[in-house]
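A.B. asks: For reference, the structure I am asking about is given below.
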Amino acid sequence: MTVLFEVYREFCFEAAHALYDPDHPTGGKYRNLHGHSFRVRVTLRGPRQDGEEWVMDLGKLGARLQQLRERLDHSFLNELEGLGKPTLENLCVYIWNDLEPALPAIHEVGIFRDTCNEGCVLKKQ
């Protein structure tokens, strides 16, 4: 029997964005600059590594996530190169693409806006 584990680490950041919709006559409901508190959960999936008894050292994962957090925290997401329109979906893809080269066991990226009771999850199939 193959045993797989899912381990995760979370981080939070604050950021602003504007979701201008050029197809809407007034620019859309979310066109004005506004901000959110974001909580991100990155989940790794895999077996325990030989000799280590873990999927990954969560301290190393935390250090890598801190680098990403520093780039995102108190940023204007519209100006983040490679993000595109700053939707939750695009932010999940941005974070996934940033982390995947160093974290091949990445299985899921979830982003939650607690103040809005909404979020988005991107999973590997």
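The values are calculated or read from the model by the stated rules, or taken from the named source; none is laboratory data. As the structure is a prediction and not an experimental result, all values here were calculated from the model. No Cβ is skipped: glycine too gets one built from the backbone with ideal geometry, and neighbour counts run over all protein chains shown. Accessible surface areas use protein heavy atoms only, side chains included; no ligands, DNA or RNA. Shrake-Rupley method; radii C 1.70, N 1.55, O 1.52, S 1.80 Å.
A.B. asks: Can you say whether GLU108 is open to solvent by 20 Å² or more (accessible area, probe 1.4 Å) and outside any strand (DSSP E or B), as far as the supplied structure shows? Please lay out each step first, then the result.
C.D. replies: Numbers: open to solvent by 20 Å² or more (accessible area, probe 1.4 Å): yes; outside any strand (DSSP E or B): no.
No, not satisfied.
A.B. asks: Now, a different point. Within segment 47-67, how many residues are outside any helix (DSSP H, G or I) and among the hydrophobic types (A, V, I, L, M, F, W, C)?
C.D. replies: 3
A.B. asks: Then there is this: Could you list all residues from segment 68-87 that are under 19 Å from PHE112 (Cα atoms) and in a helix (DSSP H, G or I)?
C.D. replies: LEU68, ARG69, GLU70, ARG71, LEU72, LEU77, ASN78
A.B. asks: Hey, can you tell me all the residues within segment 76-123 that are basic (Lys, Arg) and at pLDDT 95 or above? Break it down stepwise before answering.
C.D. replies: So in segment 76-123, the residues basic (Lys, Arg) come out as 85, 113, 123.
LYS123, the sole residue that qualifies.
A.B. asks: Taking the residues in segment 23-75 that are over 26 Å from LEU4 (Cβ atoms) and of a type in the set (Lys, Arg) as candidates, determine which candidate is surrounded by the fewest Cβ atoms within 10 Å (Cβ to Cβ).
C.D. replies: LYS29
A.B. asks: Of all the residues that make up segment 111-125, how many are among the hydrophobic types (A, V, I, L, M, F, W, C) and either part of a helix (DSSP H, G or I) or touching a residue at least 40 places away in the same chain (Cβ under 8 Å) (or both)?
C.D. replies: Our first condition is that a residue be among the hydrophobic types (A, V, I, L, M, F, W, C); within segment 111-125, this holds for 111-112, 116, 120-122.
From what's left, either part of a helix (DSSP H, G or I) or touching a residue at least 40 places away in the same chain (Cβ under 8 Å) (or both): 111-112, 116.
Residues that pass the stated criteria total 3.
A.B. asks: Okay, moving on. Identify all residues within segment 88-105 that are in a helix (DSSP H, G or I), open to solvent by less than 70 Å² (accessible area, probe 1.4 Å) and not β-branched (Val, Ile, Thr); write none if there are none.
C.D. replies: Of segment 88-105, the ones in a helix (DSSP H, G or I) are 88-99.
Imposing the further condition that a residue be open to solvent by less than 70 Å² (accessible area, probe 1.4 Å) reduces the set to 88, 90-96, 98-99.
Those that are in a helix (DSSP H, G or I), open to solvent by less than 70 Å² (accessible area, probe 1.4 Å) and not β-branched (Val, Ile, Thr): LEU88, ASN90, LEU91, CYS92, TYR94, TRP96, ASP98, LEU99.
A.B. asks: Which pairs do you get when a residue that is among the polar types (S, T, N, Q), found in segment 77-89, comes within reach of a residue that is open to solvent by 40 Å² or more (accessible area, probe 1.4 Å), reach meaning Cβ atoms under 9 angstrom, with the pair 6+ apart or on two chains?
C.D. replies: ASN78/TYR20; ASN78/LEU33; ASN78/LYS85
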